[in-house]
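Here the structure is laid out as C-alpha cells; the discussion comes afterwards.
The values are calculated or read from the model by the stated rules, or taken from the named source; none is laboratory data. Values in this document were obtained by computation on a predicted structure and should not be read as measured data. Note that each Cβ is placed from the backbone with ideal geometry, even for glycine, and that neighbours are counted across all protein chains shown. What goes into the accessible areas is simple: the full protein's heavy atoms, side chains included, and nothing from ligands, DNA or RNA. Shrake-Rupley method; radii C 1.70, N 1.55, O 1.52, S 1.80 Å.
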Amino acid sequence: MGKFDQRAEEFGMLMGAHDSARRVEDLPLDWLMPDPGNPRTHFDEAELAELAASIEARGVLQPIIVGPKNGDGKHVIRMGERRYRASLAAGKKTIPAIIEAGEGGDTLADQIVENDQRAGLSTKELALGVERMLGEGKSQAEIATALGRSKQFVSLYAAYGEMEPYLRDAIDKAPIRVLYDLHRAARTHPLEVRAFVGEFGDKGVTLAEGSKFVASLKALADNAPSPAKTEPASAPVNATPTVAKGRGGRAASYVQASPLKVMIAGRAGRLVLPDRVRVVFDDGEEGEVASTDLSFG
C-alpha cells in the first residue's frame with residue numbers, strides 16, 4: 001500500500017473515530033454551504049446521479065464534516081460536498097453531519113486526501129491544491145508529508161505554477177510527468193515544445209508520446225554539430241521558417257545544401273546549412289529550429 005493510500009485509509013479511520021467521539025446531528029441542508037476553497041471544482045453529473053440514487057434508497061451512511069456557523073448563519077462544508085450535492089438531488093431535507101470546532105487542523109490537505117479517496121481529483125485540481133498550499137507558505141517537503149505523497153510527486157505538481165500559460169492550459173490533456181518534462185525542455189527548445197503542445201487538440205497526448213518527443217529533443221541537442229564559420233554572403237538571405245510538428249521525430253544529424261545562392265569572391269554557390277539554425281522572427285521572437293523545417297522564398 002502506497003503512502004497516499006495509507007493516508008486515505010487513516011483518514012477513513014479518523015472519520016470513524018469522529019463518528020464515535022463526536023455527536024452526529026441531522027442538519028437542514030439549507031443551513032449548509034460549500035467551501036469556496038474546496039480543491040474539487042468539477043463534479044461528474046453521472047456519478048452524482050448514482051450517488052443520489054443510493055442516498056435516496058439508503059440515506060447518507062457517513063456523516064459530512066462542517067464548521068461552526070459563520071457570520072451568515074451557515075455551516076461551511078469541510079468534507080462531504082459530493083454527499084451534500086447528491087442529497088439535494090435526492091430531495092433530502094437534512095443530512096447527518098459532525099460540527100467541527102475551530103479551524104479543524106490542515107483542512108486543505110485533508111480535503112485533497114478525502115476528495116481523491118472518494119473520487120480521484122483531476123490533474124488540474126491537484127496542481128491548484130498544491131499551488132495553494134505553497135502559497136500558504138508550506139514547503140514541498142511539508143506538503144508531501146501532509147498528503148502522504150513522495151517529494152518527487154509534489155515537485156511535479158509544484159512546477160505547474162511556474163509553467164508558461166500554454167502549458168498550464170494543457171494541464172488536463174497530458175500526464176503531469178509529460179507537462180513537467182515539457183516545461184523543462186521549453187527552456188532550450190521553446191518553439192518546438194510550443195508546436196508540440198499545439199498539436200494536442202481534444203485528444204491530448206499519452207505518456208509514451210510525450211516521453212518520445214522529449215527524448216527526440218535531447219537527441220537533437222546531443223547530436224547537433226558545432227556551427228561552421230562561413231564568409232559573408234554578397235546578398236541578404238531571407239528565410240521563412242516553419243516550425244516542425246513535434247511528433248515526427250527529427251533526431252538525425254547532418255548538413256544540407258539549401259536553395260540559397262551566394263557569391264563569394266566571384267564564385268557562385270549554395271549555402272550549406274547545419275542541422276539546426278538560429279532564426280530571428282519578424283515578431284521579435286527567436287529560437288533554434290531544424291534546417292529541414294525551413295522554407296525559402
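Based on this model, can you work out whether Val277 counts as modelled with pLDDT under 75, in a strand (DSSP E or B), among the β-branched types (Val, Ile, Thr) and over 24 Å from Tyr157 (Cα atoms)? Answer is yes for this residue.
For the range 167-178, give me each residue that is touching a residue at least 40 places away in the same chain (Cβ under 8 Å) and either open to solvent by 10 Å² or more (accessible area, probe 1.4 Å) or not in a loop (DSSP other than H, G, I, E, B) (or both).
Of the residues in the range 167-178, the ones touching a residue at least 40 places away in the same chain (Cβ under 8 Å) are 171-172, 175-176.
Matches in the range 167-178: Asp172, Pro175, Ile176.
Taking first residues from the range 22-33 that are at pLDDT 90 or above and partners that are among the small types (Gly, Ala, Ser), the Cβ contacts under 6 Å between residues at least 6 apart in sequence or on separate chains come to Leu27/Ala97. In the range 137-166, of all residues being open to solvent by less than 80 Å² (accessible area, probe 1.4 Å), in a helix (DSSP H, G or I) and polar (S, T, N, Q), the one that is farthest from Arg177 (Cα to Cα) corresponds to Gln140. Annotation: Glu125 fulfils all but one of (1) in a loop (DSSP other than H, G, I, E, B); (2) among the charged types (D, E, K, R); (3) in contact (Cβ under 8 Å) with a residue 12 or more places away in the chain; the unmet one is (1).
Of the residues making up the range 202-233, those that are at pLDDT below 85, open to solvent by less than 70 Å² (accessible area, probe 1.4 Å) and in a loop (DSSP other than H, G, I, E, B) number 3.
Is it the case, given these coordinates, that Ala53 is under 20 Å from Leu121 (Cα atoms), of a type in the set (Gly, Ala, Ser) and in a helix (DSSP H, G or I)?
Numbers: under 20 Å from Leu121 (Cα atoms): no; of a type in the set (Gly, Ala, Ser): yes; in a helix (DSSP H, G or I): yes.
Judged against the criteria, Ala53 is not a match.
Going residue by residue through the range 67-89, is there one that turns out to be of a type in the set (S, T, N, Q), at pLDDT below 90 and open to solvent by 80 Å² or more (accessible area, probe 1.4 Å)?
Within the range 67-89 (the criterion being of a type in the set (S, T, N, Q), at pLDDT below 90 and open to solvent by 80 Å² or more (accessible area, probe 1.4 Å)), the answer is no, since none of the residues qualifies.
Taking Lys3 as the residue in question, decide whether it is open to solvent by 60 Å² or more (accessible area, probe 1.4 Å) and at pLDDT 85 or above. No; evaluated as a whole, the condition is false for this residue.
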